[in-house]
1. Out of all the residues in region 102-127, which are touching a Leu at 6+ places or on another chain (Cβ under 9 Å) and of a type outside the set (A, V, I, L, M, F, W, C)?
2. Please specify each residue of region 178-195 satisfying the condition of being crowded, with 19+ Cβ neighbours inside 10 Å, in contact with a Lys or Arg (Cβ under 8 Å, 6 or more places away or on another chain) and touching a residue at least 60 places away in the same chain (Cβ under 8 Å).
3. For the structure I just gave you, tell me whether VAL236 is outside any strand (DSSP E or B), at pLDDT below 95, in contact with a Leu (Cβ under 9 Å, 6 or more places away or on another chain) and hydrophobic (A, V, I, L, M, F, W, C).
4. Considering (1) more than 30 Å from ASP55 (Cβ to Cβ); (2) within 20 Å of the chain's Cα centre (by Cα), say which one PRO247 fails and leave the rest.
5. Given the options GLY198, GLY210, GLY203, name the one that is loosely packed, with under 15 Cβ neighbours inside 10 Å and either part of a loop (DSSP other than H, G, I, E, B) or among the charged types (D, E, K, R) (or both).
6. Just name the residue that is modelled with the highest pLDDT out of those in region 261-296 that are polar (S, T, N, Q) and touching a Gly at 6+ places or on another chain (Cβ under 7 Å).
7. Taking the stated definitions as given, is LEU48 part of a helix (DSSP H, G or I), surrounded by 19 or more Cβ atoms within 10 Å (Cβ to Cβ) and out of contact with any strand residue (DSSP E or B) (no Cβ under 6 Å at 6 or more places or on another chain)?
8. Over 23 Å from THR208 (Cα atoms), out of contact with any Pro (no Cβ under 9 Å at 6 or more places or on another chain) and in the same structural domain as GLU35 (by TED's automatic domain parsing): which single residue out of ARG67, ARG81, ARG75 fits that description?
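The values are calculated or read from the model by the stated rules, or taken from the named source; none is laboratory data. Since we're looking at a predicted model, the values are computed, not measured. Glycine also receives a Cβ, built like all others from the backbone with ideal geometry; neighbour counts cover every protein chain displayed.
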Amino acid sequence: MRRLLAIVNAAAGGAADDVVSDIVNVLREHADTAEVRLDAPDALAKALDEHPDRDPVVLGGDGSLHRLVATLAERGELASRTVGLIPLGTGNDLARGLGVPLDPKEAARAAALGRPRPIDLLRDDEGGVVVNAVHIGVGVEAARTATPLKPVLRSFAYAVGSLVAGARTKGSPLKVEVDGRVVADGRRRVLMVGIGNGTSIGGGTPLTPGAHPSDGQADVVVSFATGPWQRLRYGVLLKLGRHVDRPEVAAVRGTRVRISGPAVHVNADGELTGPYAERTWTVEPHAWRLSMPEVASQAT
């Protein structure tokens, strides 16, 4: 029987006490499970210290998963501990892209009984990690607009934020290089740069719809749609996942992505950082493992 550590993020959107109790009960039906509730910034590392022989199962959203994977990376434990995910956030984008069940009880069974699947990781030039996606430009403004709307609109908040940001963001003259190839030369304004390990952001917006989180490459989207009508059209097509076919959008794949130019903020797994005048992300293939349902593991 597997030994698990259920890590509860009380701030996650669906982490009501009765929901958490039901999930932990399902985990305990199938695995030896301990439970810990995080109540301080250093509580995660302390919990991992106290349960060194247990695989962590995070009850939360993309941000909670990001913090767990980042902490395991700092501790050098990505290779030794398989992660489980019960998606209780407002977006749950990596779960959607991978096929992790969005039903909490089904996700708990997958965490306890599923097959470990190796997942790629993006690592920036300061050692930070990205498990799902990083984006720059209009997507950052959309996320900033959406944040205060999340308590009311939940997963629809990002769609509203995207429309508002698309109407007023004019882009920046960024240089974008993928594996040394110049995709944007810094002389044209860029509306958005998206780097996807997973397929979507903001609760299902398909930023990089063709991405595969275990193929050793990142999908990169660069939008030059900076005119007023182009911005509006881009926002609509982005929500539909049809933006990558437009002539004003470049879609490429690679293992190393560098951006440079005017200092810009960056949204990495929903966390806003920066501003940076230069930033590089490199793919680390199969850097960590996620417990997945048998069918999903075979299909993806």
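1. PRO104, ARG109, GLY114, PRO116, ARG117, PRO118
2. VAL178, ALA184
3. Taking the combined requirement at face value, the residue satisfies it.
4. (2)
5. Details: GLY198 fails: loosely packed, with under 15 Cβ neighbours inside 10 Å; GLY203 fails: loosely packed, with under 15 Cβ neighbours inside 10 Å.
On inspection, the qualifying residue turns out to be GLY210.
6. Ranking the candidates gives SER291 first.
7. In short, yes.
8. Selected residue: ARG75, the only one of ARG67, ARG81, ARG75 that is over 23 Å from THR208 (Cα atoms), out of contact with any Pro (no Cβ under 9 Å at 6 or more places or on another chain) and in the same structural domain as GLU35 (by TED's automatic domain parsing).
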